[in-house]
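Trainee: One structure coming up, written as structure tokens, with questions to follow.
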Amino acid sequence: MEQFSSWDALAERLAGPKYVGWAFRGHADARWLLTSTLNRYLDAYIEKRYWVAQEERIKRIFRRKAHLFLSHIPEPRDTFQWLALMQHHGAPTRLLDFTWSPYVAAFFALERSTTEAAIWAINPKRLVNITERLDEFIEGRRKGPIGLGEPFVMNGRLIAQSGTFIVMRELGIPIEEVVRRSNAPADTLVQFRLATPSIRPAGMRALFSMNITNATLFPDLDGLARSLAYELEFHWAHDPRKVARRAERRVTNLT
């Protein structure tokens, strides 16, 4: 774990040579576990003995009914593309979104954080390549507990976010726990903890200048609507931000 209290220090670390080629994920709360929406739902509501069967059930239901809303229908056996499509539209799946861009991860960590945020970095060299091989991985024909890859046919959001997916073979266990249990090398998984109040103002401004916003990361009407939340923080005639006013008062008190 590494801790940061300034955007410049964080940006320098993320852009440094050590993490080139790594994949990243941003969390608005550093206490959140690295676990999929499917894991969270199964753990909360479903008896463990039914987990695999119920996962197969929702995949089958989606395949049978999604054609009513799709202009392009994936091949029936293309499990990865079907799961990515389910994930895209909000279904619980075993896929966990990561990105090849540390700055995209920083955006998701900081955008709506009000507490200590986090960026997770994972080393692809320590994982199983599952691009176009997801079924082999889940069925145990590709060895290793953690897979990383993308479907061959990618949707617009995945492209816009430089996205990739982490997939666990075993349901119900967070990634950090799997890494710990397997005694993986120290350079497998790293967490950067971010002091949000001191990092967010400069960080969000820098990301905005890079054109990393909800409107660009979600290139549709939903993304445009999401982007308006950050627009609340700016006005040509005044600075409406609480953080800015508090910082000004601290400077005044010091002088």
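Trainee: Name the residues in the range 144-194 that are farther than 17 Å from Asn123 by Cα and small (Gly, Ala, Ser), would you?
Mentor: Within the range 144-194, Gly156, Ala160, Gly172 meet the criteria.
Trainee: Here is a further query. Which of the numbered conditions does Ala195 fail, given that it passes all the others? Conditions: (1) over 18 Å from Leu14 (Cα atoms); (2) in contact (Cβ under 8 Å) with a residue 40 or more places away in the chain.
Mentor: Unmet condition: (1).
Trainee: Can you name the number of the only condition in (1) in contact with a Pro (Cβ under 7 Å, 6 or more places away or on another chain); (2) part of a helix (DSSP H, G or I) that Leu148 fails?
Mentor: Leu148 satisfies every listed condition except (2).
Trainee: Of the residues Leu14, Leu34, Leu38, Leu10, only one is surrounded by 13 or more Cβ atoms within 10 Å (Cβ to Cβ), touching a His at 6+ places or on another chain (Cβ under 9 Å), hydrophobic (A, V, I, L, M, F, W, C) and in contact (Cβ under 8 Å) with a residue 24 or more places away in the chain; which?
Mentor: None of the other options fit; the residue is Leu34.
Trainee: Being surrounded by 12 or more Cβ atoms within 10 Å (Cβ to Cβ) and of a type in the set (A, V, I, L, M, F, W, C) is the requirement here; does Leu207 meet it?
Mentor: On the way: surrounded by 12 or more Cβ atoms within 10 Å (Cβ to Cβ): yes; of a type in the set (A, V, I, L, M, F, W, C): yes.
Judged against the criteria, Leu207 is a match.
Trainee: So, one more: Within the range 94-125, restricting attention to residues that are among the basic types (Lys, Arg) and either in contact with a helix residue (DSSP H, G or I) (Cβ under 9 Å, 6 or more places away or on another chain) or in a strand (DSSP E or B) (or both), which residue is surrounded by the fewest Cβ atoms within 10 Å (Cβ to Cβ)?
Mentor: In the first step, residues of the range 94-125 are kept if they are among the basic types (Lys, Arg); the result is 94, 112, 125.
Narrowing further to those that are either in contact with a helix residue (DSSP H, G or I) (Cβ under 9 Å, 6 or more places away or on another chain) or in a strand (DSSP E or B) (or both): 94, 112.
On the way: Arg94: 24, Arg112: 14.
By that ranking, first place goes to Arg112.
Trainee: Can I ask one more? Within the range 143-175, count every residue that is acidic (Asp, Glu) and crowded, with 16+ Cβ neighbours inside 10 Å.
Mentor: 1
Trainee: Evaluate the following for Ser227: is it in contact with a Phe, Trp or Tyr (Cβ under 9 Å, 6 or more places away or on another chain), surrounded by fewer than 16 Cβ atoms within 10 Å (Cβ to Cβ), part of a helix (DSSP H, G or I) and of a type in the set (Ser, Thr, Tyr)? Let's see the steps before the verdict.
Mentor: Numbers: in contact with a Phe, Trp or Tyr (Cβ under 9 Å, 6 or more places away or on another chain): yes; surrounded by fewer than 16 Cβ atoms within 10 Å (Cβ to Cβ): no; part of a helix (DSSP H, G or I): yes; of a type in the set (Ser, Thr, Tyr): yes.
In short, no.
Trainee: While we're looking at this one, here's another question. If a residue has to be touching a strand residue (DSSP E or B) at 6+ places or on another chain (Cβ under 8 Å) and not in a strand (DSSP E or B) to count, how many in the range 6-37 make the cut? Reasoning before the result, please.
Mentor: Initial filter on the range 6-37 (touching a strand residue (DSSP E or B) at 6+ places or on another chain (Cβ under 8 Å)): 10, 13-14, 19, 22-30, 32, 34-36.
Checking which are not in a strand (DSSP E or B) leaves us with 10, 13-14, 19, 22, 28-30, 32, 34-36.
Qualifying residue count for the region: 12.
Each reported figure results from applying straightforward, stated rules to the coordinates on display, with no laboratory input. Just so it is clear, the structure is predicted and the values come from calculations on it, not from any experiment. FYI the Cβ positions are ideal-geometry reconstructions off the backbone, even for glycines, and counts take in every protein chain you see.
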